[in-house]
C-alpha cells in the first residue's frame, strides 16, 4: 500500500501547486450588457517587485489566479474589441481570496481605462474564518517584549476563539499542543504541535500573521483546531528597512501589590531589544541590476533580559522546626479513627516505626513520637547533611501578621520563569524571477537563545541569582531555525505548479547549574555518583506538601523535521481545482547525560501500617526523610535514542462558481500517519496478549524489530489508511452588502512527538536498552521502605539490559495502546452571516463548533486499577501482605500464582504480576473527546478618518475529558471503569471573552510637522475565569491504585457569600477576607470511599481577565522616505492586580483561600526608523 502511496505522490509531484502562505484573486469579466466575456487576458502585476502573473477568463467569463505572494497588485484586462482596463489598489493576504469584478467598455485595445477603487472586504468566495494582522498592525499595536517580541502572541490577544500562550494554546475548544504553525507555507512543528521554538522570527521580518480557526480548505491538515500562518517579507524594487530599539526598566513600572506590602522597592526588570531590517533588489554596481528579478529581505533582532523580582509567596518550604524534628504544628484535632488498641487517632500524628508491631488479629499498632517530635539522635546522617545546606540557604522568610512562619506559601520565588535571557534572531528571504513562467523564493531563519530557566519549581535562595545548590535552575542554550525553498511554474495561463521544500531544527541542551558537583558524594550517599544534587522527594504530605530539593537534568535533544509540498491548480469552466501531495518527517534524537537519581519518602513510613488513616491522615513524608527510610527511588542507565514519525497526505479542492453570487467549496484530504518507530528498533511495549513466563498469566513485553523473538514490525499499534477528511463549504453573496458562509470539515490531528522521549513513554517503552535499577516501593510492607540511605545505594538492584518479557514484573510497565494509529479527528463547522455597514464597518456573526473524537488520552486508560467495589469489600485488608497461598486464603482471596509476593490489593488486580500495586502506563488510548459550541461576533472597521477598530465577542461552552495532547499532561480518572464521570467543562472553558484592538491617529495639529503625528493604539482583553475542580486524599494509602481522589460537595452556592476582591490580605492567608469558597459545602470523602464531585464546575471559577495595553506614539517624517516613531507602551495600563492561587485541595490548611496576587503596570519605551 505504501509503495502505491509513494508512486501516486511522485506523479503528483510532477505537476502540482498550493497557496498556504499565498492568496488569490478571482472575479468575473462582463461587457456593458452584463454578458460574460471569455478569453480575456488578465495580467496581474506585483507593485513592489514588478513580478507578473498571467491568467485568462474561462468560457463563463470567470478568472482565478492563485499563489500570489502577499502584497499589493495591479490588474490589466485585455480583449479584442474592448478598451484595456487597468484596476489598481488590490491588496492580497495569506489564504485570502480577493474578488475583483470588472465591466469592460467597448473600444480599441489601444484605449485605456484606469480604475483605482477599494475592493469590498466582504468574504464572498470562501467560508474560512480567521484573523489577519498585517505588518503595520504588528508594529503599531502594543506588544510586550518580555521574553522577546513574539508576533504569534497577538493571536491570543485579538483572535476570537483563541486562548492560551505561545507555549500551549486552545483554538475553538481544541486541546493544548494540537494546532499547526506555518512559516512561508510550511510547518515548523518539530516536537510539540505548533511549537514556535523552531521558528522564532522577528516582527521586522514579517509581512503578516494569519490565524485560521475554521472553514479551512483541503490544502490544510494535520491540526486539531487551527493554524497560525506567518508570512515573511520579500524585498521589492524599493529599498526599504527599519531600525528599532526598545527598553524596559523597573523605574518606569508601578510596584507590585506584594512588594508594596513588604515595603520592597520595585524588582529589577531590565529588558532591552534591538532590531533592524533591510530589503530591496539585489544590486551589484556595474555587475548586476536585480530590479524586477532578484530581491532580498534581511532582519536581525537582539533581546536581553535581566528580571530578578519575586512574586507573592507561592512556595511551601519546610519551616525551621521541621529540620529539628518538631512536627507539633502538624498535629490537628482528634479524628473519628481509632487504632487496634482503641486509642483515638489525631490528624497529623507522626508514629515511630521502631514501635510498629502486628497483633494476633492481624492489625498493626505503633506509638506516636512524644509531642510529635522526632529526636535529633534518630536522624539519618545523610538527612543531617542535607538539612545543613537547606537551613543555611532555604529557610522560609515569609511571616504572617502574628509573626509566625505559615506552613504553606512561606517562600518567595522569582516571578519570571527565565530571569536571564539573551536572544538572537536572524532571517533572510530571497526571491528570483527566472522568467515570466518560473519564479524561485527561499527563506532562512535561525535563533540562538541562551537563558536561565526556572520552570521546574523547587526551593529558592533569594540571595543567589541562580537559586543555590538545591534549586532546580538550569542553563539552556537553545537553537532553532529552518529553511524553505519554493518554485512557482506557470505552465499555462490556466495551469500552475508550486513546489516547497522545508527543513526545521531545534537544539535543546539542558544543563543544571551545579552539574559539576557530585551531590551524592557531598551528602555522603555511598555507592552513588550524581550530576548535581539528587532529587529528594520529601514533600508528599499529607496536608502540607513541600517543594523538593535537588536537580539532575543534563541532556541534549535535537528535534528535526523536513517536508515536501507540491500542488497543482487549474481552471476549467466554472471550476477552480487544486490537487496536491504533502509529505513530512519528524525526528527526535535524545542524548541523556545524567543518571537522574532521585529518592522518594512517603508518609506511610511514619504511620501505623495498613490502616485507613495511614499516609493520608497520619504520618508525614518529611518525617520519613529525617529517618532516612527510602520508599522508592530512581536511577537510569542513559542510552541515546532516536524516534521517527512520518506523514503523507493527498488532497483535492474544487471551488465551483455556481453563479457570480454563489461559490461551493468542495474538498477531500487523505492522510496517513504510520505509527512512531525507533531508528534502531530499540522499542518495546507491554501487552496483555503475551503470556508472562514467570507467572504464566497474560501480560508481558514484546519487542519491535526482526530479531529472534521480536514482532517482525518496527512499530506498535496499527496503521490506518482510511483517514479521509471531506471539506464542504459555500459562500453566498445574498446581496451586494450581505454574505452568508458555512462550512463543515473533518481534520485529523498530527501524530507529533508531543513529549520529551523518542519512544513515547521513555524507558518503559525501550526496556531492553540500558540496564534497569528496580527501586519501586516494597510490595508487601511499603511502610518499611526499600532501604535506608545511610547504608548506601543498593547496587544489587541493577539488572543488565536484556529482552526480558517480564520487565513489568519488577517495574511499572509501559504499553502502546493497540489502537494507537487510529487517528484522532475533529469535526469542525461554522455558519457566518456578514454585513457591510456604513463607515467601512464589516459585521460578522457566526456559530462555530468543534467536536473532537478518539483523542489520545493514555492517562484515562488506567489499566490494572482495582475495581471500586474492592474498597468496600476488603477495606483495610487491601494492605495485608500475601506471600503464599495460606495468607491469600486467610484474606479470602485466591493466590494469584506460585511465587507471588504482594498485598491483597495487588493480588486482586487484573494483572497481578505487574510490580507492586502498579497500574500500566499507557500511550495514545483513543478515549478523549471535546465538544465546543460558540457564538462569535466580530466588528471590523477599516482605516477611515484616522481610526481602525477591530473587536470581537465570544460566548462559548466546551465539554471535555481531556485537556492536552502533550504526553503525561492530563490527570487520570477517578474510576477507570466509569469514565462517564470524567465528562465536565474543560479546564480552559472560558464562556465570555471580549477582545479588541484599535489605532487612532489624533487629529490635533495633524499638518504640523513638529506638533502633529500623534497616535494612540491599544489592545483590550476581558474574559471569564476558568472552572475549578476539587481534590481530596486517597481512600486508602497503598491499597488504592486509582488516580487522585476528589472531594465531596453538598448542594449550595460554592462561592463564599460577600467575598470582596478589594479586601484581600496578603499578610494573613487564612484571613476571612481571603475566603473564596463556601467551605461548609466541601468535605473529605469518608475512609475507603471515592469523592462524588465532578472534575470541574462551571458555577465557581478562577478570577477572570481584565487588561488594557495602550500605546502612545509620535511619528515624525525625517525625509521623504524615512520616518521616526517614538513610542510609550503601557502594559496593564490601569495597574490592575489579579488574584489567584485558590487552594482547591480539601486537606490543605489553606483550602478555599485566595493566596496570591499578581500584576502591575509596566512601561516600555521604544524608537524606530522606517525607510
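The values are calculated or read from the model by the stated rules, or taken from the named source; none is laboratory data. Remember, predicted model here, so these are calculated numbers, not experimental data. When we count neighbours, we look across all protein chains shown, and the Cβ atoms used for this are built from the backbone with ideal geometry, even at glycine.
Looking across region 251-310, the residues that are under 30 Å from residue 1064 (Cβ atoms) and in a loop (DSSP other than H, G, I, E, B) come down to 253, 254, 255, 256, 263, 264, 265, 266, 267, 268, 308, 309.
Scanning region 778-797 for residues that are out of contact with any helix residue (DSSP H, G or I) (no Cβ under 7 Å at 6 or more places or on another chain) and either farther than 21 Å from residue 536 by Cβ or at pLDDT below 95 (or both) gives 780, 781, 795, 796, 797. In this structure, residue 1003 does not satisfy being touching a strand residue (DSSP E or B) at 6+ places or on another chain (Cβ under 7 Å) and not in a strand (DSSP E or B).
Across region 21-43, the qualifying residues are those that are assigned to a strand (DSSP E or B) and over 41 Å from the mean Cα position of the chain (by Cα), and the one among them that is farthest from residue 658 (Cα to Cα) is 43. Note on region 485-518: residues that are more than 30 Å from residue 56 (Cα to Cα) and part of a strand (DSSP E or B) total 12.
A quick yes/no check of all residues on (1) crowded, with 24+ Cβ neighbours inside 10 Å; (2) in contact with a helix residue (DSSP H, G or I) (Cβ under 9 Å, 6 or more places away or on another chain); (3) within 26 Å of residue 1024 (Cα to Cα); (4) at pLDDT below 95:
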| site | (1), (2), (3), (4) |
| --- | --- |
| 86 | no, no, no, yes |
| 93 | no, no, no, yes |
| 102 | no, no, no, yes |
| 107 | no, no, no, yes |
| 115 | no, no, no, yes |
| 120 | no, no, no, yes |
| 156 | no, no, yes, yes |
| 160 | yes, no, yes, no |
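Exactly one residue out of 866, 848, 878 is out of contact with any strand residue (DSSP E or B) (no Cβ under 7 Å at 6 or more places or on another chain) and surrounded by 23 or more Cβ atoms within 10 Å (Cβ to Cβ), and it is 866. Residue 455 falls short of the stated requirement of being at negative phi, in a strand (DSSP E or B) and either modelled with pLDDT under 95 or out of contact with any strand residue (DSSP E or B) (no Cβ under 7 Å at 6 or more places or on another chain) (or both).
Among the residues of region 628-641, those that are surrounded by 22 or more Cβ atoms within 10 Å (Cβ to Cβ) and part of a strand (DSSP E or B) comprise 629, 630, 633, 641. What do you reckon, is residue 753 under 28 Å from residue 584 (Cβ atoms) and surrounded by fewer than 23 Cβ atoms within 10 Å (Cβ to Cβ)? Judged against the criteria, residue 753 is not a match. State the number of residues belonging to region 760-788 that are part of a helix (DSSP H, G or I) and under 13 Å from residue 809 (Cα atoms). Qualifying residue count, region 760-788: 1. Confirm whether residue 362 is farther than 30 Å from residue 520 by Cβ, over 38 Å from the mean Cα position of the chain (by Cα), touching a residue at least 40 places away in the same chain (Cβ under 8 Å) and surrounded by 22 or more Cβ atoms within 10 Å (Cβ to Cβ). Spelling it out, it is not the case that residue 362 is farther than 30 Å from residue 520 by Cβ, over 38 Å from the mean Cα position of the chain (by Cα), touching a residue at least 40 places away in the same chain (Cβ under 8 Å) and surrounded by 22 or more Cβ atoms within 10 Å (Cβ to Cβ). Mind listing whichever residues of region 127-158 are closer than 23 Å to residue 248 by Cβ and in a loop (DSSP other than H, G, I, E, B)? Those that are closer than 23 Å to residue 248 by Cβ and in a loop (DSSP other than H, G, I, E, B): 141, 142, 143, 144, 145, 146, 147, 148, 149, 150, 151, 152.
Regarding residue 18, is this residue modelled with pLDDT under 90, under 47 Å from the mean Cα position of the chain (by Cα), in the same structural domain as residue 116 (by TED's automatic domain parsing) and farther than 25 Å from residue 187 by Cα? The answer is no for residue 18.
Kindly indicate which of 604, 682, 644 is in a strand (DSSP E or B) and in contact with a strand residue (DSSP E or B) (Cβ under 9 Å, 6 or more places away or on another chain). Only one candidate qualifies: 644. Restricted to region 276-329, and to residues there that are over 30 Å from residue 1155 (Cα atoms) and touching a helix residue (DSSP H, G or I) at 6+ places or on another chain (Cβ under 6 Å), the residue that is surrounded by the fewest Cβ atoms within 10 Å (Cβ to Cβ) is 277. Output yes when any residue across region 386-406 is more than 36 Å from the chain's Cα centre (by Cα), within 16 Å of residue 620 (Cα to Cα) and part of a loop (DSSP other than H, G, I, E, B), and no when none is. The answer is no; no qualifying residue exists. Restrict the check to region 858-877 and report whether at least one residue is assigned to a loop (DSSP other than H, G, I, E, B), free of Cβ contacts under 8 Å to residues at least 60 places away in the same chain and either more than 30 Å from residue 992 (Cβ to Cβ) or within 39 Å of the chain's Cα centre (by Cα) (or both). Within region 858-877 (the criterion being assigned to a loop (DSSP other than H, G, I, E, B), free of Cβ contacts under 8 Å to residues at least 60 places away in the same chain and either more than 30 Å from residue 992 (Cβ to Cβ) or within 39 Å of the chain's Cα centre (by Cα) (or both)), the answer is no, since none of the residues qualifies.
Exactly one residue out of 380, 443 is in contact (Cβ under 8 Å) with a residue 60 or more places away in the chain, buried (at least 17 other Cβ atoms within 10 Å of the Cβ), in contact with a helix residue (DSSP H, G or I) (Cβ under 7 Å, 6 or more places away or on another chain) and over 26 Å from residue 474 (Cα atoms): that is 380. It is to be established whether one or more residues within region 1074-1081 are in a loop (DSSP other than H, G, I, E, B) and surrounded by 20 or more Cβ atoms within 10 Å (Cβ to Cβ). Yes: region 1074-1081 contains one or more residues that are in a loop (DSSP other than H, G, I, E, B) and surrounded by 20 or more Cβ atoms within 10 Å (Cβ to Cβ).
Mind checking whether some residue in region 460-480 is buried (at least 18 other Cβ atoms within 10 Å of the Cβ), over 30 Å from residue 314 (Cα atoms) and either in contact with a helix residue (DSSP H, G or I) (Cβ under 7 Å, 6 or more places away or on another chain) or not assigned by TED's automatic domain parsing to the domain that holds residue 50 (or both)? Yes - at least one qualifying residue is present in region 460-480.
Between 722, 735, the distinction of being surrounded by fewer than 21 Cβ atoms within 10 Å (Cβ to Cβ), without any contact (Cβ under 8 Å) to a residue 60 or more places away in the chain and within 32 Å of the chain's Cα centre (by Cα) belongs to 722 only.
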